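Following: one structure in structure tokens, then a few remarks.
Values quoted throughout were computed directly from the atomic coordinates according to the rules given, and no laboratory measurement underlies them. The model shown is predicted, which means the values in this text are computed figures rather than measured ones. For neighbour counting, all protein chains shown are included, and Cβ atoms are generated from backbone atoms with ideal geometry for every residue, glycine included.
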Amino acid sequence: MSTIYWEEEMETLPRPGLESIQLKRLQKLVARVYERVEPYRKKMDAAGVTPQDITSLADLQKLPFTVKDDLRDNYPFGMFTTSMEDIVRVHASSGTTGKPTVVGYTQNDIGTWAGLMARALACGGATKGDMVHNAYGYGLFTGGLGAHYGAEKLGATVIPVSGGNTKRQITIMQDFGSTVLLSTPSYALNLAETMESMGVAPESLSLRVGIFGAEPWSENMREEVEKKLNLQAVDIYGLSEVIGPGVAMECLNSSKGMHVFEDHFLPEIINPETGEALPPGEKGELVFTTLTKEAFPVIRYRTKDISRLYYETCNCGRTLVRMEKVTGRTDDMLIIRGVNVFPSQVEHVLVGVEGVEPHYQIIVEREGTLDIMTVEVEVSDSIFSDEIKNLEQLTKRITRDIKDILGVTCKVKLVNPRAIQRSEGKAQRVIDKRKI
Amino acid sequence: MRVEQIAVFLENKSGRLAEITSILADKSINIRALSVADTADFGILRLIVDKVGEAENVLRDNGFTVGKTNVIAVEVPDRTGGLATVLKSIEKQKLNVEYMYAFVNKTGENAVLIFRFDNMDRAIESLQKDGFTILKSEEVYSL
Ligand SMILES: [Zn+2]
């Protein structure tokens, strides 16, 4: 199968050409934010850097990081570079703690974003002939509208179904013949489960590709979703602070992650503890600098997502760097008795056990000075037995696998089917009751 | 010779058992025999009912995990030593019992022992050879 590109020249540009474009865009950006955005100017002054100091891409490392708190401190519009006259849209991400972060777009930004999202969809194999079932939430969250504009730009037919009302979504898939599903991976599982309960066979639908993102998910989860929905599942990456969905996208023949659209976003991997930049291939926190955004550019924005970068050219012909599937976040990392634990690792273990459904919840409590991690697993028909010893063997096996892979001892609690709340957006995997 | 038994997963015991029995009662499903096996963390309710398929569906619709297993019902006279004779035979034949429970039928004359063996065919054959009455499923459902 030959690759279909949306913007072939940019997607296959030899790296020296790409890097020279990146440098020019970076220099322009730094000069502009230094002039127009006080918080950036103050930070750069404090670090003793001026826009003239940026003479190579490596000089990026001289610039201070931007973190979510910078956006909160300047809530709502303090980090915008343009006057509100030129802002045509805002989005906001919910803050679990404190204020939300607000991002803005000019007309050009909306155009850029739609183009990038169209590029992402094409990269995942969607074409103008597709019926795109967009189950990302519409609203302040960037997922719904971001994907929507991109799919329209691609020329596909968009069903702006948004999240929720799952049974109706399945009826729509049947009646309209949805071919491409856009949703969070946890919602895709919710759809699959609801289909099963309605007696709808995945083969009876026309789904071909599922483009899943907005939360970390494991390779095992991919297999599960592919099997249950009878489609090819690909990963998309984005976050509202950078632009929304369409920052990076997996191609159909990559085994090493998602192509970062580097002509617009400059990625780095840093050590989350020291802030020091790490060499290609090393695992760490992903940091982005936007190169083309007008209203709300960011410089060295710390995403808290954990990934690594691969620079070799992909089989698909794209020269754009690939970022490994995000396996966790520096902030959803749990420290259990001194061991770092990511929910995605627990998911990986569970999906690896025959018959176990990937619906789980991790509960962390503190008894005295000891952290207790309990993993709740639903008892599906396929793992249920009328004999105690079989269920005990199952919980022992999960406990042992988690111990082997994560290095922590946990309790496994079997719960009734559907006892764990289903996601209509991002799944809540962890309940940390330790508030010390 | 085999009786279908329903097994239900109990996340925690308090309240759930009452919930299940009232769900079944609402559908006029009669419970013939019942036993609960449990650990500190969860339990398994085993039931013999008169309408197996209906019971399975209604429990599933109410969000329970339900399984079906075949068991054997052995009838013995309800008098001293009744149970002992069966157990002796089982031991002699080296049959492996996974679990068992018992109940007394309405007339109070006979006790019915419910067994799950690892090898059900061999168990039926051996018990019959030793002269025990193994009830047919219809007989058990209508006890
Ligand atoms: Zn590729």
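Once a ≥ b ≥ c are taken as the square roots of the eigenvalues of the Cα gyration tensor of region A:300-397, is the result rounded (a/c under 1.5), prolate (a/b larger than b/c) or oblate (a/b not larger than b/c)?
Numbers: a/c = 3.81, a/b = 1.57, b/c = 2.42.
Oblate shape, in that a/c is at least 1.5 and b/c is the bigger or equal ratio.
Could you state the number of Å between the C-alpha centres of region A:362-436 and region A:193-232?
A separation of 24 Å, based on Cα centres.
I'd like the distance between the alpha-carbon centres of region A:139-190 and region B:24-52, rounded to an integer number of Å.
43 Å
Give the relative contact order (percent, whole number) for region A:98-170; include only Cα pairs under 8 Å separated by 6+ residues. Display every interim value, and only then the final one.
Working: 88 pairs, mean separation 24.4, N = 73.
So the answer I get is 33 percent.
For the protein assembly as shown, what is the mean residue ellipticity at 222 nm derived from helices alone (per DSSP H run of n ≥ 4: -39500 (n - 2.57); sum divided by total residues; nearest 500 deg cm²/dmol)?
Values: 16 runs with 183 residues, N = 579.
Per the formula, -9500 deg cm²/dmol.
For region A:334-435, with only Lys/Arg (+1) and Asp/Glu (-1) charged at the beta-carbon, what is the dipole magnitude about the Cα centre, in debye rounded to 20? Show your work: numbers first, answer last.
Working: 16 positive and 16 negative charges, 98 e Å.
Dipole of region A:334-435, to the nearest 20 debye: 480 debye.
What does the C-alpha gyration tensor say about the overall shape of region A:277-346? Classify as rounded when a/c is under 1.5, otherwise prolate if a/b is larger than b/c, or oblate.
Working: a/c = 2.52, a/b = 1.40, b/c = 1.80.
Verdict is oblate for region A:277-346.
Set the bar at 25 Å for Cα to Cα. Now go through A:Lys62/A:Lys304; A:Lys99/A:Lys153; A:Lys24/A:Lys325; A:Lys62/A:Lys283; A:Lys256/A:Lys433; A:Lys389/B:Lys136 and name every pair that lies beyond it.
Details: A:Lys62/A:Lys304 20 Å; A:Lys99/A:Lys153 33 Å; A:Lys24/A:Lys325 29 Å; A:Lys62/A:Lys283 21 Å; A:Lys256/A:Lys433 36 Å; A:Lys389/B:Lys136 28 Å.
As for pairs spanning more than 25 Å Cα to Cα, those are A:Lys99/A:Lys153; A:Lys24/A:Lys325; A:Lys256/A:Lys433; A:Lys389/B:Lys136.
Specify the inter-centroid distance of region A:54-127 and region A:254-272, based on alpha-carbon positions, in whole Å.
So the separation of the two Cα centres works out to 16 Å.
For region B:1-90, report the translational diffusion coefficient in µm²/s to the nearest whole number, using Stokes-Einstein at 25 °C, 0.890 mPa s, and a Kirkwood Rh over Cα pairs.
On the way: Rh = 14.4 Å.
Result for D is 171 µm²/s.
Based on the alpha carbon coordinates of region A:200-304, what radius of gyration and maximum Cα-Cα distance (Dmax) apply, in Å?
16.2, 52
I want the antiparallel fraction of DSSP beta bridges within the protein assembly as shown, as a percent rounded to 5. Present the calculation step by step, with values, prior to reporting the outcome.
Numbers: 75 of 98 bridges.
The antiparallel fraction comes to roughly 75 percent.
Along the Cα-to-Cβ line of B:Phe103, 7 Å from the Cα, sits a label point; which residues in region B:19-48 have backbone N less than 14 Å from it?
Inside the label zone: B:21-22, B:24-25, B:29-36, B:45-48.
At 7 Å along Cα-to-Cβ for each site, give me the label-to-label distance between B:Val36 and B:Arg2 in nm.
Each label point is offset 7 Å from its Cα along the Cβ direction, giving 2.8 nm.
Among residues other than A:Gln27 whose Cβ falls under 12 Å from its Cβ, what is the net charge (Lys/Arg +1, Asp/Glu -1)?
Values: positive: A:Lys24, A:Arg25, A:Lys28, A:Arg32; negative: A:Asp53, A:Asp59.
Neighbourhood net charge equals +2.
Could you tell me, in Å, what Rg and Dmax come out for the Cα atoms of region B:71-141?
Using the Cα atoms of region B:71-141, the pair Rg, Dmax is 11.4, 32 Å.
If you take each beta carbon of peptide A:386-397 and count the beta carbons of other chains within 10 angstrom, what is the mean?
Numbers: counts 17, 9, 8, 4, 2, 6, 3, 0, 0, 3, 0, 0.
Mean shielding by partner chains, rounded to a whole number: 4.
Among the aspartates and glutamates, which have Cα under 17 Å from the Cα of B:Lys68 when same-chain residues fewer than 8 positions away are ignored?
Partners within reach: A:Asp381, A:Asp386, A:Glu387, B:Glu4, B:Asp50, B:Glu54, B:Glu56, B:Glu98, B:Asp118, B:Glu138.
Can you tell me the alpha carbon radius of gyration of chain A divided by the globular rule-of-thumb value 2.2 N^0.38 Å?
Working: Rg = 22.3 Å, N = 436, 2.2 N^0.38 = 22.2 Å.
Rg over 2.2 N^0.38 Å, computed on Cα atoms: 1.01.
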